[in-house]
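> I am attaching a structure below and will ask some questions about it afterwards.
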Amino acid sequence: MLIILEGPDGAGKTTLAEALMAGFYRKWKSGTFIVEHRGPLSPDVDPVDEYTLPDYDPTDMTNLVVCDRWHLSETVYGPIYRGASRVDLGFHEKWLDDRGALKLYVTAPLSVLTARVSERGDDFIEVGHLANIVGWFTRTLTGLSGWQTVNTGGPFPPDFIDELLDKAAELARKKEEK
């Protein structure tokens, strides 16, 4: 199973990944939970190598891979902080869809994002850029299919984590059947 968590800084991606891990072990009692995290794309790294997982087996239902920040972040942060992105959005979206990935856009109200980033401090993101970053994510997601928005501005509804895990398993099963 494969879950992609994307969104602006302070949105709660890492917190959601931790909740998914706890839910995964509670629900399935065994298996492997892996978190992949990507930061800014180095000039010497090929985006295809960076945002694909050569060892990932979409038919293995005993493992859950959660990608905490992935190709969309490069599509958004690249132009803002480096003037351009080197990601082929269509290629990476197809790669994820071909593997039955559950794609989650994690966000919160701007006031919550600002408070979270201000509270933790950040060496990379300027709080004043958050509105622009959210706008870039919104524009980037327009026209892309299969993305579900998760608002972390308040508590998750009961059974929300289990529902996400069930959806990831369902998508993986559909790919396994093909």
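The values are calculated or read from the model by the stated rules, or taken from the named source; none is laboratory data. Bear in mind that the values here come from a model prediction, so they are computed numbers and not experimental data. Please note: Cβ atoms are built from the backbone with ideal geometry, for glycine as well, and neighbour counts cover all protein chains shown. For accessibility, only protein heavy atoms count, side chains too; no ligands or nucleic acids. Shrake-Rupley method; radii C 1.70, N 1.55, O 1.52, S 1.80 Å.
> Considering only segment 153-178, state which residues are open to solvent by 80 Å² or more (accessible area, probe 1.4 Å), of a type in the set (Asp, Glu), without any contact (Cβ under 8 Å) to a residue 24 or more places away in the chain and over 17 Å from residue 105 (Cβ atoms).
Answer for segment 153-178, where residues must be open to solvent by 80 Å² or more (accessible area, probe 1.4 Å), of a type in the set (Asp, Glu), without any contact (Cβ under 8 Å) to a residue 24 or more places away in the chain and over 17 Å from residue 105 (Cβ atoms): 159, 177.
> Within the set of pairs 6 or more residues apart or between chains, which connect a residue that is loosely packed, with under 14 Cβ neighbours inside 10 Å inside segment 138-152 to a residue that is aliphatic (A, V, I, L, M) with Cβ atoms less than 7 Å apart?
Every condition considered, the pairs that remain are 148/104.
> Regarding segment 122-136, can at least one residue be identified that is open to solvent by 70 Å² or more (accessible area, probe 1.4 Å), among the charged types (D, E, K, R) and closer than 26 Å to residue 153 by Cα?
yes
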